[in-house]
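The values are calculated or read from the model by the stated rules, or taken from the named source; none is laboratory data. Because the structure is predicted, anything quoted here is derived from the model rather than measured. Note: ideal-geometry Cβ built from the backbone for every residue, glycine included; neighbour counts use all protein chains shown.
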Amino acid sequence: MIALRELKRVPSNHKIVIEVPENIAENQLMEVILLFKEPPKMSRAEKIALLKESQHDPLFLADLQAVSDDFSAMDNEEW
C-alpha cells in the first residue's frame with residue numbers, strides 16, 4: 001500500500017484536484033478519504049494568556065509540587 005498525504009485549504013469553488021503520481025498504474029483502485037480539521041477554539045494569544053495565568057493558580061502549583069515531590073528521590077540518584 002502507498003499512502004500520500006497533502007494538506008489543502010478549501011478553495012472558493014469547493015473543488016480539489018488530486019494529482020496521482022506517474023508510477024501508479026492506470027485503473028489502479030485507490031481510496032480517497034477527506035478529513036476536515038476543526039478550527040482552533042482559542043487563538044494563540046488566548047492560549048499564551050492562559051499559560052501565564054497558570055503561574056498563579058494555586059491548584060496547578062500544588063499539582064506541580066506533588067509531581068516534583070514524587071520524583072525528588074529519583075532526582076538524587078546517580079546515573
How many residues does the range 21-61 contain that are among the hydroxyl-bearing types (S, T, Y) and under 25 Å from L4 (Cα atoms)?
0
Residue check: is A49 aliphatic (A, V, I, L, M), loosely packed, with under 10 Cβ neighbours inside 10 Å and out of contact with any Gly (no Cβ under 8 Å at 6 or more places or on another chain)?
no
So S12 clears everything in (1) of a type in the set (S, T, Y); (2) part of a loop (DSSP other than H, G, I, E, B); (3) surrounded by 10 or more Cβ atoms within 10 Å (Cβ to Cβ) except one condition, right? Which one?
(3)
Condition first: in a loop (DSSP other than H, G, I, E, B) and modelled with pLDDT under 90. Can you find one or more residues in the range 65-74 that meet it?
no
Could you list all residues from the range 39-64 that are assigned to a helix (DSSP H, G or I) and small (G, A, S)?
A45, A49, S54, A62
Only listed residue being of a type in the set (F, W, Y) and in contact with a helix residue (DSSP H, G or I) (Cβ under 9 Å, 6 or more places away or on another chain), chosen from F60, F71, F36:
F60
Enumeration of residues in the range 31-46 that are aliphatic (A, V, I, L, M) and surrounded by 10 or more Cβ atoms within 10 Å (Cβ to Cβ)
M42
Would you check if F36 is in a helix (DSSP H, G or I), free of Cβ contacts under 8 Å to residues at least 12 places away in the same chain and out of contact with any Leu (no Cβ under 9 Å at 6 or more places or on another chain)?
no
